[in-house]
Amino acid sequence: ELGCKGEKYEAATTWGVFEDVFCTKEETFTFLQNVLDEIVELFPSEYIHIGGDECPKKSWKECSICQNTIKTNNLKDEYELQSYFMNRIEKYLEAKGKKVIGWDEILEGGLKGKATIMSWQGESGGVAAAKQGHDAIMSPTA
């Protein structure tokens with residue numbers, strides 16, 4: 001229901017990176033805001049990590065709703081669409097008094113907010129974040 005195909009999905013039972021990601025339709029944002037409202041109530045931390053890594057763009061390229069979001073918001077491509085998505089979630093959480101942390105891939109489409117970047121792919125993501133005025137947490141895996 002929240003993906004681009006508009007159908008129900010089987011929940012994955014193993015770890016992996018999947019092509020089906022959240023669609024940029026309003027129902028998706030409403031769902032995510034409802035989930036985030038519950039998270040905000042449960043966790044007193046000033047930070048909430050929203051992920052954003054390993055986001056395949058294939059379904060967005062094929063989705064008329066996502067392509068319309070790109071066109072309507074004068075975005076260049078699906079990387080900027082991901083930044084649009086992240087920025088929208090960040091604004092929502094900021095209104096709740098929270099600060100956002102996201103993985104370094106959220107920089108790829110030109111991040112406009114104040115998110116703290118958690119760099120897991122080496123030091124380049126942290127350096128790029130700092131150059132763009134973001135706080136960075138270095139957490140390389142290798």
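The values are calculated or read from the model by the stated rules, or taken from the named source; none is laboratory data. Just so it is clear, the model here is predicted, and its values are computed rather than measured. Quick reminder, even Gly has a Cβ in these numbers, built from the backbone with ideal geometry, and neighbours come from all protein chains shown.
Would you please name the residue that is nearest to the chain's Cα centre (by Cα), looking only at residues in segment 1-12 that are surrounded by 10 or more Cβ atoms within 10 Å (Cβ to Cβ) and of a type in the set (Gly, Ala, Ser)?
My answer is Gly3.
For segment 21-31, what are the residues that are of a type in the set (Ser, Thr, Tyr) and either surrounded by 14 or more Cβ atoms within 10 Å (Cβ to Cβ) or in a loop (DSSP other than H, G, I, E, B) (or both)?
Thr24, Thr28
Any residue in segment 49-68 that is polar (S, T, N, Q), under 20 Å from Gly113 (Cβ atoms) and modelled with pLDDT of 95 or more?
No, every residue in segment 49-68 fails to be polar (S, T, N, Q), under 20 Å from Gly113 (Cβ atoms) and modelled with pLDDT of 95 or more.
Only one of Ala95, Ala129 is hydrophobic (A, V, I, L, M, F, W, C), over 22 Å from Val17 (Cα atoms) and modelled with pLDDT of 95 or more. Can you tell me which?
Ala95
Residues checked against (1) under 15 Å from the mean Cα position of the chain (by Cα); (2) surrounded by 12 or more Cβ atoms within 10 Å (Cβ to Cβ); (3) among the small types (Gly, Ala, Ser); (4) not in a helix (DSSP H, G or I):
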| site | (1), (2), (3), (4) |
| --- | --- |
| Thr14 | no, no, no, yes |
| Glu19 | yes, yes, no, yes |
| Gln33 | yes, yes, no, no |
| Gly51 | yes, yes, yes, yes |
| Glu54 | yes, no, no, yes |
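Pairs only if they're at least six apart or on different chains, beta carbon under 6 angstrom, first in segment 28-49 and farther than 24 Å from Trp120 by Cα, second assigned to a helix (DSSP H, G or I) and not charged (D, E, K, R); list them, first residue then second.
From segment 28-49, the pairs are Gln33/Tyr92.
Could you check how many residues of segment 114-135 are within 19 Å of the chain's Cα centre (by Cα), assigned to a helix (DSSP H, G or I) and not aliphatic (A, V, I, L, M)?
Number of matching residues: 2.
Across segment 35-49, what is the number of residues that are surrounded by 17 or more Cβ atoms within 10 Å (Cβ to Cβ) and either aromatic (Phe, Trp, Tyr) or under 20 Å from Asp104 (Cα atoms) (or both)?
Count: 1.
Which residues, taken from segment 53-72, are touching a Ser or Thr at 6+ places or on another chain (Cβ under 9 Å) and free of Cβ contacts under 8 Å to residues at least 60 places away in the same chain?
Residues satisfying the conditions are Trp60, Cys63, Asn68, Thr69, Ile70.
Looking only at segment 99-142, which residues are farther than 18 Å from Tyr47 by Cα, exposed (fewer than 15 other Cβ atoms within 10 Å of the Cβ) and among the charged types (D, E, K, R)?
Passing the criteria: Glu123, Lys131.
Go through the residues of segment 92-110 one by one and say whether even a single one is in contact (Cβ under 8 Å) with a residue 40 or more places away in the chain, part of a helix (DSSP H, G or I) and more than 21 Å from Glu54 (Cα to Cα).
Checked segment 92-110: at least one residue is in contact (Cβ under 8 Å) with a residue 40 or more places away in the chain, part of a helix (DSSP H, G or I) and more than 21 Å from Glu54 (Cα to Cα).
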